[in-house]
Amino acid sequence: MSKAIIFAIDDDPQVLKAIVRDLRGEFRKDYKILSTSSVEEALENISELKKRGENIALFISDQKMPEMQGVDFLEKAKLIYPEAKRVLLTAYSDIEAAIKAINDVQLDYYLMKPWDPPEEKMFPILQDLLDEWNSSIIPLYSGIKVIGKQWSSKSHSIKDFLSGNLIPYQWLPVEDNSLALELMEANSLNSENLPAVIMEDGELLVDPDLRAIATKTGRNIQAREELYDVVIIGAGPGGLAAGVYGGSEGLKTLLIEKHAPGGQAGTSSRIENYLGFPKGLSGAELSRRAIAQATRFGIEFLSPLEVKEIRIEGQYKFLKLNDDKEIKSKSVIIATGVSYKKLQVEGLDELTSLGVYYGAATTEANACKDQQVYVVGGGNSAGQGAMYLSKFAAKVHILIRKPDLSSSMSSYLIDQIKETPNIEVIANSQISKAIGSENLEQLEIKNLNDKSRELRDAASLFIFIGAKPITEWLNDKIITNDKGFIETGRDLTKHKDYKTFWKQDREPYLLETCIPGIFAAGDVRAGAMNRVASAVGEGALAIKLVHEYLEEI
């Protein structure tokens, strides 16, 4: 949290210098001291500070200034910072004006010139005022602020990106947040400009895309090298492990992620069965540790960028990105993972990101405070999401088609759900319709036993049903199975098009695709175990196979 500000103004440079000297000597440990000799400049400065979300605790103004009297300046300053304390510096002859100002602008104090010694005549008074301000004010958050509508897909996308990349931010929904409205007014914003992002340095981004936010938060979106030993596509557990081992073993390694590190696992509120963490850890924490480890070994990390196409020229692989730039590499590891399947129900598509979410429990949990929330799915991801949401929601309802959770969820999660009083499991049921004008309002729930339907109020719906591989972008250039998962190793030999693709004397390596030097690791691969630990193992193994391939060329 940045320090609050003491703002001083006096048109006499010598007096201003003395004020600033005394203020810094006494208060600089806890406050920033800003000053100016111009009223016009002061008003511009405090307006800009308001736009940036800075806190001003105290104004000290001289009374007799040629541009404007101090009382009038403090009155204008009060409109911008109504909670700040106001102190007038005045000569003996102007005491009457100072006393009148106590009533007119709620002046907190006036100080006589000169104020020597300040230890007696200034510091105790100002300290009392600052203590009073601190006791009554909630300091403004000094980091990134996101202003937007609660039910906005663009707002959700920005929040999801920031939280997924572990970038702290403050969410300010315009529907019920006075600070959001203040900042909109200060920055001359209207609803058409939203969402808007105020960066830590005060820069305003209006309706920004994710790449603009990534650039401003120090993310890298430009490759530095002309040729890499290995490019890893996807920063889930498999891709992150490949990055760590590629970097530690001296390969020139590039990791590309279209959204945020961690993949589907990164959205998990708690992973409790990962080796070495008996108390469990969040997917975000696992991702943070892995990215820190990989970058320490010198890998490059590009985000948010997406690979649209792979082109082969001889032994080189050219990756075309969604910004139309190309990256050249000797080998590639595809670790794009999976995404949640879409639930085909009337009304859901129109309300996606407007109360209906696929995953994203951690991003939108705060919006669920004291609400009725529904979770669809009976796997571990659904159970972890429900447990996390139960900390915020009035009640979490888990909808499953089966009689109970025992066939699809780990027993430790089932036990936790049973012990959580505000989680209800609704068995033998499914959603038949989602209803809402601007956002989700109700769900129609069908009982699969008696075919009856019930209409229930619902603030949010989180969907965790099965997974589909993120392989559409491959455009049939790499062999996949009938569900879209990438075939690798000996399993390729069973495919009817194997000999059309594979022209090497040797068989494909264990994780190698139908194109030599292109490997697949983690959940995107056919036959993968779909566990964080197995994805990490495959990412490490893929680097070993990359070494073997690079020795051939």
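The values are calculated or read from the model by the stated rules, or taken from the named source; none is laboratory data. Everything quoted here is computed from the prediction, not taken from an experiment. All Cβ positions, even for glycine, are placed from backbone atoms using ideal geometry, and neighbour counts span all protein chains on display. Calculation scope for accessible area: heavy atoms of the full protein, side chains included, ligands and nucleic acids excluded. Shrake-Rupley method; radii C 1.70, N 1.55, O 1.52, S 1.80 Å.
So the values come out like this:
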{"item": "Close pairs (8 angstrom Cβ cut-off, 6 or more residues apart or separate chains): of a type in the set (Phe, Trp, Tyr) in the stretch 347-372, surrounded by 19 or more Cβ atoms within 10 Å (Cβ to Cβ) and in a loop (DSSP other than H, G, I, E, B) anywhere", "result": "Tyr358/Phe464"}
{"item": "Residue in the stretch 68-78 that is polar (S, T, N, Q) and in contact with a Pro (Cβ under 9 Å, 6 or more places away or on another chain) present", "result": "no"}
{"item": "Condition check for Leu179: crowded, with 17+ Cβ neighbours inside 10 Å and of a type outside the set (Lys, Arg)", "result": "no"}
{"item": "Strands (runs of 3 or more DSSP E) wholly inside the stretch 384-477 containing at least 2 residues that are in contact with a Lys or Arg (Cβ under 7 Å, 6 or more places away or on another chain) and surrounded by 13 or more Cβ atoms within 10 Å (Cβ to Cβ)", "result": "429-435, 442-447, 467-469"}
{"item": "Of residues in the stretch 500-549 being outside any loop (DSSP other than H, G, I, E, B) and among the polar types (S, T, N, Q), the one surrounded by the most Cβ atoms within 10 Å (Cβ to Cβ)", "result": "Ser534"}
{"item": "Any hit, the stretch 202-221, residues being within 30 Å of Val146 (Cα to Cα), open to solvent by 60 Å² or more (accessible area, probe 1.4 Å), touching a Gly at 6+ places or on another chain (Cβ under 7 Å) and of a type in the set (Lys, Arg)", "result": "no"}
{"item": "Gly280, sole failed condition from (1) within 26 Å of Phe464 (Cα to Cα); (2) open to solvent by less than 30 Å² (accessible area, probe 1.4 Å); (3) touching a residue at least 24 places away in the same chain (Cβ under 8 Å)", "result": "(3)"}
{"item": "Candidates Glu26, Glu41, Glu83, filtered to the one that is assigned to a helix (DSSP H, G or I), closer than 30 Å to Val146 by Cα and out of contact with any His (no Cβ under 8 Å at 6 or more places or on another chain)", "result": "Glu41"}
{"item": "Where Val373 falls short, out of the listed (1) open to solvent by less than 10 Å² (accessible area, probe 1.4 Å); (2) part of a helix (DSSP H, G or I); (3) β-branched (Val, Ile, Thr)", "result": "(2)"}
{"item": "Where Leu343 falls short, out of the listed (1) surrounded by fewer than 21 Cβ atoms within 10 Å (Cβ to Cβ); (2) not in a loop (DSSP other than H, G, I, E, B)", "result": "(2)"}
